[in-house]
Amino acid sequence: MYPFQKIHRAEQPNINEKKNAQTRVRIFGFVLLVIILAGLTYIQRVNHRKNIFKRTESLSGTLISGFPEELLLGAKDVKILQSYSIDYGKGGKQYTTEFTLKYDIGVADLKYQRYLKDNRYYISNNFVDDKKPIASLYGRGVQADMNIVLTGLSDNKTLDVIISYLVKGK
């Protein structure tokens, strides 16, 4: 065996250890870079989502401007729980209101059906379950779509009504 072979063999494990250490550092750096990029992407998406659609709340107990008042069915004892709008830009604008109404669920459902028909909405969904009681209507119009959900409260004389009115964009 030549002297340089002894030296080469003695240094071989040291070279392998250095290569392994360099490989570990590179892998750690790559993983760290991926984590940082994923975090930045997530933060950017969350911030972007917050700014996409602007939600505007009405004052407590009042209707948001633009919500059709006639959807309260002319009742005087209406209690507005929440009312807001969401601006989708060119996609349209949605007005949503939740309120209580003193009506029988069947009567309210018929009144909302009549409203939709009188205003040229096509009723694509109408579901009523008097036993639970719950009802829902979905009307499609030329300029707007409307979703109405009626839920009977425990006194069986009061309804929780949620109406979403989507004015279609251009």
Can you find a residue in region 111-132 that is within 23 Å of Gln82 (Cβ to Cβ), at pLDDT below 90, in contact with a Leu (Cβ under 9 Å, 6 or more places away or on another chain) and in a loop (DSSP other than H, G, I, E, B)? no
Of all residues making up region 59-85, the number that are assigned to a loop (DSSP other than H, G, I, E, B) and either open to solvent by less than 50 Å² (accessible area, probe 1.4 Å) or among the hydroxyl-bearing types (Ser, Thr, Tyr) (or both): 12
Could you please let me know if Ile162 is surrounded by 16 or more Cβ atoms within 10 Å (Cβ to Cβ), touching a residue at least 40 places away in the same chain (Cβ under 8 Å), of a type outside the set (Asp, Glu) and under 27 Å from Lys54 (Cβ atoms)? yes
Give the residues of region 95-106 that are more than 11 Å from Leu73 (Cα to Cα) and among the aliphatic types (A, V, I, L, M), sorted by residue number. Ile105
When the residues of region 139-152 are filtered to those that are of a type outside the set (Lys, Arg) and open to solvent by 70 Å² or more (accessible area, probe 1.4 Å), which remaining residue is farthest from Tyr95 (Cα to Cα)? Val142
Arg114 fails exactly one of (1) surrounded by 18 or more Cβ atoms within 10 Å (Cβ to Cβ); (2) over 28 Å from the mean Cα position of the chain (by Cα), namely (1)
Tally time: how many residues in region 133-166 are among the small types (Gly, Ala, Ser) and either farther than 18 Å from Thr97 by Cα or part of a loop (DSSP other than H, G, I, E, B) (or both)? 2
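The values are calculated or read from the model by the stated rules, or taken from the named source; none is laboratory data. Since we're looking at a predicted model, the values are computed, not measured. Backbone-built Cβ (ideal geometry, glycine too); neighbour counts: all protein chains shown. To get the accessible areas, we keep the full protein, side chains included, count just its heavy atoms, and leave off ligands, DNA and RNA. Shrake-Rupley method; radii C 1.70, N 1.55, O 1.52, S 1.80 Å.
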